[in-house]
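Structure first, commentary second.
What follows draws every value from the coordinates through simple rules; no lab data is involved. Given the structure is predicted, the values throughout are model-derived calculations rather than measurements. We place every Cβ from the backbone using ideal geometry, glycine too, and count neighbours over all the protein chains shown.
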Amino acid sequence: MASQLITTAAGLVDRHGRVATDLRVSLTDRCNLRCQYCMPAEGLDWLPSEQTLTDDELVRLLTIGIERLGVREVRFTGGEPLLRRGLASIVARTKAIDPDVRTSITSNGLGLKHTASSLARAGLDRVNISLDTIRPETFATITRRDRLHDVIDGMAAAKSAGLLPVKVNAVLLRGVNDQEAAELLRWCLDQGYQLRFIEQMPLDAQHQWSRAEMIVADEIFERLAKQFVLTPTGRERGSAPAEEFLVDGGPATVGIIASVTRPFCGDCDRVRLTADGQIRNCLFARDESDLRAALRAGASDEELAERWRAAMWVKLPGHGIDNPEFLQPQRPMSAIGG
Ligand code: SAM
Ligand code: SF4
């Protein structure tokens, strides 16, 4: 029954009735920052280049995803996607498959100052920039690099290039930047950026995440509520993970993504492709499906599509972080594509 359902379903359906249409593509596992909640100071063993999908291989998989499997949104991430040579060409080739597919990047913003306009010309729709503080010394503590000004310049360039809305993702760390949440929100409001706070997840390569230490969504709300009036927007969240609040009556909003304490797995519409061509049906999946090996062994487009569907069909109902038997995935966030 299950296999019949898999083969007759056109899209990326799972046995719990969810349909994945939002593809996160990791373009590289490398990065030029070393955020504490993501990577160790010394970095990681990067993927050998021969294991990384070439641009042509990637575009072939994107074509299968879009034309055969119902992918409607492609987010390029990493590692740091701006480190991938040929990013603009990959974006342009994605748009050429179907101009209605929305494209975006999640980036730390380093170097975006120089590439924002060419990315916009290539057809990139939007950017998500990760920024946890606007204080240079806190930035250097979190990322272990003194590059705050580059990020701020990159964000301004994205705005000028029309890569809108510029969304900002922030992670709060206790005793590091948790006192700066309201200040960061004030700055984002002034600049016209849409800020979302994300609960820290157990995806760091060092395995130092602690449930007891993390700043939970309710705490984020309380900290912001000391300085702003926050009211629910009343909009249905749908598959969007952020709970959105109007700030001081709106129209500006702030989002809080309670990935750990109020998981949204039941509404998840995401699927991930790693830089080495593995399909992951969840950030926290412990299994992957190797499309690169199949592709290099000569699989047809329909065979690759069928493998991809089968990988999605077995997606678990939830990430289970709160279960005692929870095991952190072997790959860290930077190698999965956040
Ligand atoms: N380098 C890019 C960046 O930082 O935006 C893209 C990759 S990064 C892995 C994607 C997102 O994951 C960033 O917004 C980052 O803050 C977030 N992230 C990394 N480790 C995390 C963790 N342990 N918990 C929650 N978010 C995390
Ligand atoms: Fe790099 Fe992004 Fe991880 Fe920071 S969160 S180390 S910028 S991949």
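Annotations
- Evaluation of Trp308 against (1) in a loop (DSSP other than H, G, I, E, B); (2) touching a helix residue (DSSP H, G or I) at 6+ places or on another chain (Cβ under 8 Å); (3) not acidic (Asp, Glu) (one fails), failing number: (1)
- Members of segment 107-127 found to be within 16 Å of ligand 1 (Cβ to nearest atom) and in contact with a Ser or Thr (Cβ under 8 Å, 6 or more places away or on another chain), listed by number: Ser107, Asn108, Gly109, Ala116, Leu124, Arg126, Val127
- Selection over segment 70-109 of residues that are closer than 24 Å to Val13 by Cα and within 16 Å of ligand 2 (Cβ to nearest atom) gives a count of 4.
- Of all residues in segment 64-89 being among the β-branched types (Val, Ile, Thr) and more than 15 Å from ligand 1 (Cβ to nearest atom), the one that is nearest to Arg18 (Cα to Cα): Val71
- Taking the criterion of being farther than 18 Å from Leu273 by Cα, basic (Lys, Arg) and in contact with a Lys or Arg (Cβ under 9 Å, 6 or more places away or on another chain), no residue of segment 79-116 qualifies.
- The strands (runs of 3 or more DSSP E) found entirely in segment 195-265 that carry 2 or more residues being in contact (Cβ under 8 Å) with a residue 60 or more places away in the chain and in contact with an Asp or Glu (Cβ under 8 Å, 6 or more places away or on another chain) are 253-257.
- Residue check for Val247: surrounded by 15 or more Cβ atoms within 10 Å (Cβ to Cβ), of a type in the set (Val, Ile, Thr) and over 21 Å from Gly11 (Cβ atoms): yes
- Residue count for segment 287-338 satisfying the condition of being within 15 Å of ligand 1 (Cβ to nearest atom), of a type outside the set (A, V, I, L, M, F, W, C) and surrounded by 19 or more Cβ atoms within 10 Å (Cβ to Cβ): 7.
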